[in-house]
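The values are calculated or read from the model by the stated rules, or taken from the named source; none is laboratory data. This one's a predicted model, so the numbers in the text were calculated from it and none came from an experiment. Cβ coordinates were reconstructed from backbone atoms using ideal geometry, including for glycine residues, and neighbour counts include every protein chain displayed.
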Amino acid sequence: MRDKMLAYFKEIFGDTDGVRVYFAPGRVNLIGEHTDYNGGHVFPCALTIGTYAAVRIRNDRNLRLFSMNFKDKGIISSSLEELIYKTEDDWANYPKGVLWAFTDQSIERLSMKHGLLGNMQYGMDILFFGNIPNSSGLSSSASIEVLTGYILKDLYGFNVDLTKIALLCQYAENKFNGVNCGIMDQFAIAMGKKDNAIFLDTSNLQYEYAPIELGDAKLIIACSNKKRGLGDSKYNERRSECEEALARLKTVVDIKSLGDLTEEEFDIHKEVIKDETLIKRAKHAVYENQRTVRAVQALKAKQITMFGSLMNASHVSLQEDYEVTGLELDTLVETAWKQEGVIGARMTGAGFGGCTVNIVKNDCIDSFIAEVGRVYEEKIGYQADFYVVEIGDGPREII
């Protein structure tokens, strides 16, 4: 892939003197959806597909950004003095946002009271290429953010570890791009470990790696090919609904987040919320958090069937209580449940389009893809794409 990236860079920018190549993965969340901004647990893993960048430091302050995935946008030019959000810059606002976060003076909010100490004196030419389906829910935006952060650490000597890179990238997406995402996507990508998922408590960033041992089964991603953008979806609305439910619960119970509650505690106090929609949103956050804890326990005990059942229950909650699935994702999941060899299936990511994650026995994978694909195209009118995925490591330079 390194040679391919250098060839791309030469095609766009003219030569490859001084160019270095980097990679950051995408991620899939196995269970624990819409819990990361509610102080709950998540269970994502990094993938072997992701985003590549060929980078060269310039001798001035200018920035030139190009994506092989959005060739029609051409070279997007900026500078270290002009790190502002521009609608016309489209995808480039994600790496620009990370550059902005690394130089923003309010970064003390991330407990970096002495600054980042790196020296971003010169600009860059960066060419990106991603093999994550765009708007799929596999975190192409977080992948390019973490990739940019890792590049800045490596090329400019910023004194940040991978956890702080994840926090900076979340800060950029929240404050620069206006998407109130939680920490899960950036953390999973920055901290990825081959053949392991990350059991992360988003309230305090304590985490542990858990080996993914599926026996005679594999992870299958089904991409609905329904495009969606988080900023113009109901993602921010869901977050604000949870915040309002939490504020009402705090009047009767001493908690910091919805993730602090058990199902029993929630059921005792839920009537104080006094709004059926808000009760449903909060119920999902509380119950999904506890499902995630139980799912990881099941995986450790090699109870794969139980893990799959909890995945299924997660989708039902996202459909009925959180209302973020939609016809496309429901069709993929409900069809998957009917197939032989399917251990579990659920939507993954923010919802409103994107992907499902499925655990399917090896000898049923071909029939699963054929039949789910057939039903989906008949009902929806266009095709879904399927990926047999592997779990990979976090960001790195490709030598």
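Some notes on this structure:
- Boolean, Phe187 is aromatic (Phe, Trp, Tyr), assigned to a loop (DSSP other than H, G, I, E, B) and not assigned by TED's automatic domain parsing to the domain that holds Glu377: no
- Within region 237-250, considering residues that are out of contact with any Leu (no Cβ under 8 Å at 6 or more places or on another chain) and not acidic (Asp, Glu), the one nearest to Lys280 (Cα to Cα): Arg238
- Test for Lys227: is it touching a residue at least 24 places away in the same chain (Cβ under 8 Å), in contact with a Phe, Trp or Tyr (Cβ under 8 Å, 6 or more places away or on another chain) and not polar (S, T, N, Q): no
- Every condition in (1) crowded, with 22+ Cβ neighbours inside 10 Å; (2) over 23 Å from the mean Cα position of the chain (by Cα); (3) within 22 Å of Gly373 (Cα to Cα) is met by Leu261 except one, and the failing one is (3).
- In this structure, His41 does not satisfy being at positive phi and not assigned by TED's automatic domain parsing to the domain that holds Ala298.
- Restricting Val286, Val372 to those that are touching an Asp or Glu at 6+ places or on another chain (Cβ under 9 Å) and of a type in the set (A, V, I, L, M, F, W, C) reduces the list to Val286.
- Selection status of Ala101, out of contact with any helix residue (DSSP H, G or I) (no Cβ under 7 Å at 6 or more places or on another chain) and part of a helix (DSSP H, G or I): no
- Selection status of Phe368, out of contact with any helix residue (DSSP H, G or I) (no Cβ under 6 Å at 6 or more places or on another chain), on the phi > 0 side of the Ramachandran plot and crowded, with 17+ Cβ neighbours inside 10 Å: no
- Hits in region 29-62 - residues which are farther than 30 Å from Tyr122 by Cβ and polar (S, T, N, Q): Asn29, Thr35, Asn38, Thr48
- When Leu65, Leu99 are checked against the criterion of being in contact with a Pro (Cβ under 8 Å, 6 or more places away or on another chain) and over 27 Å from Pro211 (Cβ atoms), a single residue qualifies: Leu65.
- So Glu378, is it in a helix (DSSP H, G or I) and not small (Gly, Ala, Ser): yes
- Criterion (closer than 26 Å to Val357 by Cβ and part of a helix (DSSP H, G or I)) met by exactly one of Lys270, Lys227, Lys280: Lys280
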